[in-house]
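A short worksheet on the structure shown next.
The values are calculated or read from the model by the stated rules, or taken from the named source; none is laboratory data. Remember, it's a predicted structure, so these values are computed and weren't measured experimentally. No Cβ is skipped: glycine too gets one built from the backbone with ideal geometry, and neighbour counts run over all protein chains shown. Areas reflect the complete protein model, heavy atoms only, side chains present, ligands, DNA and RNA absent. Shrake-Rupley method; radii C 1.70, N 1.55, O 1.52, S 1.80 Å.
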Amino acid sequence: MTALAVVLAALGACGYAFGARLQHAAVHATMAGGGLGLRSQAQLVRNPRWLAGLAALGSGAALHVSALGLAPLSVVQPIGVLALPITVLLNLREQGYTRRDVHPSMVLAVLAATGGLAVFVLLAAGSATPTPVGEDDQFTATQIVAVAVLLIGLVAAATRSKVRCVLFAAGCAVAYGYVSLMARAVAQQVGTGDLLAINLLSVLGIAVAMVVGGWLLQHGYASGPPDLVVACLTVIDPLVAVGLGIGLLGEADHVSGWVAASEALCALVACAGVFALARHHPDTTERSTSETLGVAPPGDRTATPAPTTGPTTGSANEVPAGTAGHRTSPRPNGSSS
């Protein structure tokens, strides 16, 4: 059963990657250089690309939930990190970046985030034990996650740039980690064969966390590149889920000291990979440089060029904003080129 759960979780990671790419593109197309206000959010639900991304994410989530019903939380949850390298490749191709645009530190960051959780999975697979999710555990997890998501969301709203992107994605990841815990509880209840035994509060908790996490996710897309968002999700989400599994469910009660220390080290390496990716991502680097120079980032497909028509002021040889590389000069007959 564990092998089948790993396969299902890996397929779910592919769904997450393609869904993130589609929704990120739809968010920026809807924003059109502005912010993600209520009007833009209302337009998203009618955007075919955004809806296709939602379908991909939903399929990935369904596969992931199926995997949670077959194996311990500590084994299944970290496999979602496979979505990171897939999303990185999709984003680089979509934005038209070349090998020269990719800093070696970015490659190392992706390897650290992916490899750190991959080793974590190998360690957890041989040590974690499945345990039931009691109602008291669910209530405690709800309280912890609600406070954490609220604090992260408030800090994210007060920040800017890539830090804002990371925080919004982190808030979403915390909510989704909680969803994994509650989904395992529901899956265990369904497995008993008595559908009347399903706790409706668990289902309500999943629904609320999905809505809140989805809202934070869209703001993460609006604030940074999709692979940075996916990196936060794939690392923080499993760490939250595993932390709940260990702290509340006791899935690691029989784990030896050296295994626990190794898992902690892998978690630190994975988190370091996320922060390194935020720092060395080509989109982030170019945006920072372009803001210093006052021009649009070369890889920014969402930047809205300044209008080039209408009366202008200044010298004849001045280059208007948004028309870099095109110089206006007078012709002998009085017209301009």
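Do you know which residues across the stretch 182-201 are at pLDDT below 85 and buried (at least 19 other Cβ atoms within 10 Å of the Cβ)? Answer for the stretch 182-201, where residues must be at pLDDT below 85 and buried (at least 19 other Cβ atoms within 10 Å of the Cβ): ALA183, ARG184, ALA185, VAL186, GLN189. Just one of the listed residues (VAL45, VAL65, VAL27) is open to solvent by less than 20 Å² (accessible area, probe 1.4 Å), more than 15 Å from LEU84 (Cβ to Cβ) and touching a helix residue (DSSP H, G or I) at 6+ places or on another chain (Cβ under 9 Å), and it is VAL27. Taking helices (runs of 4 or more DSSP H) as the structural unit, those lying wholly within the stretch 1-72 and holding at least 1 residues that are at pLDDT 85 or above and either within 20 Å of the chain's Cα centre (by Cα) or hydrophobic (A, V, I, L, M, F, W, C) (or both) correspond to 2-31, 48-68. Scanning the stretch 154-180 for residues that are over 14 Å from VAL240 (Cα atoms) and open to solvent by 20 Å² or more (accessible area, probe 1.4 Å) yields LEU154, VAL155, ALA157, ALA158, THR159, ARG160, SER161, LYS162, VAL163, ARG164, VAL166, LEU167. Looking at VAL229, VAL240 in this structure, which one is within 19 Å of ASN91 (Cβ to Cβ), at pLDDT 80 or above, in contact with a Gly (Cβ under 7 Å, 6 or more places away or on another chain) and open to solvent by less than 40 Å² (accessible area, probe 1.4 Å)? Just a single option satisfies the conditions, and that option is VAL229.
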